[in-house]
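What follows is one structure encoded as structure tokens, with my remarks underneath.
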Amino acid sequence: MKKLLEISLGIVTSVGGFLEVGSMATAAQAGATFGFQLIWAILLGTVCIIFLVEMAGRCAAVSGHTITDGIRERFGFHAFLLPLLAVLLVNFMVMSAELGGVAIAAELATGIGFQWWALPVAFLAWLFLWKGTFGFIEKGVAILGLVTLCFVVGAVMLKPDWTQVAFGAVPSLPEHDAANYWFMAVSILGASISPYLFMFYSSGAIEDHWDKTYLGTNRAIAALGMSFGGTISLGVLIVAALVLGAHGINQVNDYHQLPLMLIPIFGFWGFVLFVASLGIACFGAALEIALQQAYLVAQGFGWTWGEDRKPREDPAFCGVYTLALLLAPIPIMLGLDPLKLTIFSMAVTAASLPLTVVPFLFLLNDENYVGDHRNGIISNAAVMLIIALGFALAVVTIPLQIFGGS
Amino acid sequence: MSVRDIAGRVITAQLPCKDGSYRLCRLCLLSIMLALEACSSAERPEQQVKIAASASQTATMVLDAWAARAVPSHYASATLQSTAEILAEAGRQMQSDISAQLSTEGAVMTAIGRLSAAARHAQAGVAADNPRRVSEARQELKAAASDLAARARLVAPKP
């Protein structure tokens, strides 16, 4: 009964915490421009993240090591430095984008420019981390994040042609704007396969004292939680296709266009639901990334770490998330467009994937770490596919972002 | 710097590849550049027309939502202002294109200019909470959008 409750809570947490500014923006752009044609990209991204999250949890439960901890110990500190710096940089950009998402939500709610909200939002996030516990951060915000289910409700209420939706699950060549189509596809994959998501999950497993008895729980949370989370992204895409696309809005290049998605379905409450979804989802993601920055550095340098400890017990750990939250709002305060920053940070996320996934693959095949619970053929093939995808994303996305993307 | 400029530099650049692979390296880079040039649509007039058409639909949808009291005035006003800026930028992008000197593309630019002006009028009406002014601006927007759609067919690439 206790395990069932844990699984349910884990799934709820995964669902509530799945959607963030990247998945919301990319799914909305894809739906508005290409209708249901890019559903396959969301499905592929979701399958990839299911495998990665399962591996991250398995590694933590069996070896007692987080991914960061394991990579540093297995490859040595010098080899670990490059992935560390790359992930820190990517996380910094994604965290800025998430804070930008909360700031936009605040602007939509109040009419005061998003630049003014960046620092107060960062301070509020810092207060949550300073005063809160891991359970509070992980479950509290994620449960509030269930408001994002309004996109799924909206998609069902719009009564889409489910046959067309099913056709979208099969990759197909675009009828127009080929460059934009592939750019959207790689952006969706970049948004779905976020390194911070599975790295945070592995740290969370250690914070929650997981052991081998949690392997089944881990599998259920990874498969069901991420699948339901992916369903919300699908909901965003379907709503964008049936509302924005149907109204002739097929170029989403301004964040002001996004709230229009839910208004024809829910009226004024659609506006409120969009603002709440964006604000809560991005705030939750910003908290997780700030914590992930602290986990990365503390685990990398072997410092004492843990969100459940008092700040005086792990001052360096707390110092890292404090510094991260001090620096991340700067691009938003300087007026950088949060939507453009989001899309660019998704591209950079995609580029960084091989740096984190390759060492992770070695770890998951090392008997010294995972014993009999090493990757099987399917898991290894999945990880290799992710590496290939990551490499393709890196090669294709960045030039497209510079020359062809919008 | 355009893709064409970069491709030109690649042709003349001394790449850090060994003799045997030098040509291959240059060929690969050139292929990527040419593929990007072929795919890149950001600077083309039809792309600007799409952006303008989409922005005008955004303005119409926001005005309808505002009239139905489904969005707050500050949001409608900010969205219309932003839409007017996007339309003005689309007009500027078209102007910077050499081929925009042609009369058909000049007419498209005029239609985009009308759309931008209509969005600004609508924004002023929303800011003043004046439904009559907003309604007039909406009509203006609709007429300019139809005009753009008609002229855009002349700019669209022939199959």
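The values are calculated or read from the model by the stated rules, or taken from the named source; none is laboratory data. It should be emphasised that the depicted structure is a prediction, and the values quoted were computed from it without experimental measurement. Cβ: placed from backbone, ideal geometry, glycine included. Neighbour counts: every protein chain shown.
For this structure, a couple of remarks:
- Subset of segment A:69-124 (residues that are of a type in the set (S, T, N, Q) and closer than 27 Å to A:Thr356 by Cβ): A:Asn91, A:Ser96
- When segment A:248-263 is filtered for residues that are over 21 Å from the mean Cα position of the chain (by Cα), more than 7 Å from chain B (Cβ to nearest Cβ) and closer than 13 Å to B:Tyr75 by Cα, nothing remains.
- Residues of segment A:167-181 classified as part of a helix (DSSP H, G or I) and either away from chain B (no Cβ under 13 Å) or surrounded by 20 or more Cβ atoms within 10 Å (Cβ to Cβ) (or both), total: 5
- Index of the failed condition, A:Arg312 passing every other in (1) modelled with pLDDT under 85; (2) farther than 21 Å from A:Glu138 by Cβ; (3) assigned to a loop (DSSP other than H, G, I, E, B): (1)
- Tabulated pairs, segment A:339-351, first within 19 Å of A:Gln257 (Cα to Cα), second of a type in the set (Asp, Glu), C-beta under 8 angstrom, 6+ apart or interchain: A:Leu339/A:Asp254
- Residue list for segment A:184-227, restricted to those being among the β-branched types (Val, Ile, Thr) and closer than 28 Å to A:Ala30 by Cα: A:Val186, A:Ile188, A:Ile193, A:Ile221
- Selection from segment B:70-116 of residues that are at pLDDT 85 or above and either hydroxyl-bearing (Ser, Thr, Tyr) or touching a His at 6+ places or on another chain (Cβ under 7 Å) (or both): B:Ser73, B:Tyr75, B:Ser77, B:Ala78, B:Thr79, B:Ser82, B:Thr83, B:Thr110, B:Ser116
- Residue within segment A:65-74 that is surrounded by fewer than 24 Cβ atoms within 10 Å (Cβ to Cβ) and either under 19 Å from A:Ala223 (Cβ atoms) or free of Cβ contacts under 8 Å to residues at least 24 places away in the same chain (or both) present: yes
- Yes/no for A:Gly17 being at pLDDT below 90 and in contact with a Gly (Cβ under 7 Å, 6 or more places away or on another chain): yes
- Whichever residue in segment B:34-54 is more than 7 Å from chain A (Cβ to nearest Cβ) and closer than 16 Å to B:Thr110 by Cβ and, among such residues, is modelled with the highest pLDDT: B:Ala52
- Within the option set A:Lys212, A:Lys139, A:Lys159, being basic (Lys, Arg), free of Cβ contacts under 8 Å to residues at least 60 places away in the same chain and away from chain B (no Cβ under 14 Å) holds for one residue only, A:Lys159.
- Options A:Thr342, A:Thr349, A:Thr304, A:Thr322; residue that is among the hydroxyl-bearing types (Ser, Thr, Tyr), within 22 Å of A:Val90 (Cβ to Cβ) and surrounded by fewer than 23 Cβ atoms within 10 Å (Cβ to Cβ): A:Thr322
- Contact map, segment A:308-331: residues that are at negative phi paired with residues that are in a helix (DSSP H, G or I) and surrounded by fewer than 20 Cβ atoms within 10 Å (Cβ to Cβ), Cβ distance under 6 Å, separation 6+ or inter-chain. Pairs shown: A:Asp308/A:Phe134; A:Leu325/A:Trp126; A:Pro329/A:Leu119.
- Taken over segment A:94-129, the criterion of being surrounded by fewer than 19 Cβ atoms within 10 Å (Cβ to Cβ) and either aliphatic (A, V, I, L, M) or within 14 Å of chain B (Cβ to nearest Cβ) (or both) is satisfied by A:Ala109, A:Thr110, A:Gly111, A:Ile112, A:Gly113, A:Gln115, A:Trp116, A:Leu119, A:Leu124, A:Leu127.
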